[in-house]
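Readers should treat all values here as calculations from the given coordinates under stated rules, not as data from a laboratory. It should be emphasised that the depicted structure is a prediction, and the values quoted were computed from it without experimental measurement. Every residue, glycine as well, gets a Cβ built from its backbone with ideal geometry; the counts of neighbours run over all protein chains shown.
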C-alpha cells in the first residue's frame, strides 16, 4: 500500500522506475567515454564499458527491453517511454559515428545499437557476458 501512496498505479511506478533507469544509463553512457577524446576511441570505450557492465553480477540485461515485452501496446506510456529512450540512444550513437567521419553514419549507428541491444539481451537469456566482448570486437571491425 505504501507504493500506491506515491504512485496512482502500477504503470506509474514502472514509468518512474524506467526514468530512474534512464538517468542511471545516461550517467554510465557519458561516464564510459569521459576519458576518451578521439571519436572512435569514445565508441570503443563505450563498448568496452558495456562488456564490464554485462559482466557485473548486478546486470540482468536491459530493463527497457523487458518493459517493451511486458507492455507491447505502442501507445502505452511504458512502451512510449521505452521507444523514446531507445530513439535517443540511436540518435546519440549516430552523432558519435558522424564525429568519426565514417560514411553512412545512420546505418552504422543502427548496427551499433543492434550490437548493444544484442549484448544486453544475451545477459538476460543466456546468462553470459561473452557476447558483450564479441560486440566490442565487432565495433572495432565496423569502424576500422
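Since residue 17 meets every condition but one in (1) closer than 17 Å to residue 97 by Cβ; (2) in a helix (DSSP H, G or I), which condition does it not meet?
Of the numbered conditions (1) closer than 17 Å to residue 97 by Cβ; (2) in a helix (DSSP H, G or I), the odd one out for residue 17 is (1).
In the set 22, 57, 109, 66, which member is within 24 Å of residue 126 (Cα to Cα), free of Cβ contacts under 8 Å to residues at least 60 places away in the same chain, part of a helix (DSSP H, G or I) and out of contact with any strand residue (DSSP E or B) (no Cβ under 9 Å at 6 or more places or on another chain)?
Residue meeting the stated conditions: 66.
A quick yes/no check of all residues on (1) surrounded by fewer than 14 Cβ atoms within 10 Å (Cβ to Cβ); (2) under 16 Å from the mean Cα position of the chain (by Cα):
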site: 20; (1), (2): yes, yes
site: 36; (1), (2): no, no
site: 42; (1), (2): no, yes
site: 59; (1), (2): no, yes
site: 84; (1), (2): yes, yes
site: 103; (1), (2): yes, no
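Which of the residues belonging to segment 73-89 are more than 13 Å from residue 22 (Cα to Cα) and touching a helix residue (DSSP H, G or I) at 6+ places or on another chain (Cβ under 7 Å)?
Restricting attention to segment 73-89, the residues satisfying the condition of being more than 13 Å from residue 22 (Cα to Cα) are 73-77, 79-80.
Selection gives 73, 77, 79.
I'd like to know if segment 72-80 contains one or more residues that are loosely packed, with under 13 Cβ neighbours inside 10 Å and within 13 Å of the chain's Cα centre (by Cα). Can you show your working first?
Start the filter on segment 72-80 by keeping residues that are loosely packed, with under 13 Cβ neighbours inside 10 Å, which leaves 72-75.
When the remaining residues are screened for being within 13 Å of the chain's Cα centre (by Cα), the result is none.
No; the residues of segment 72-80 include none that is loosely packed, with under 13 Cβ neighbours inside 10 Å and within 13 Å of the chain's Cα centre (by Cα).
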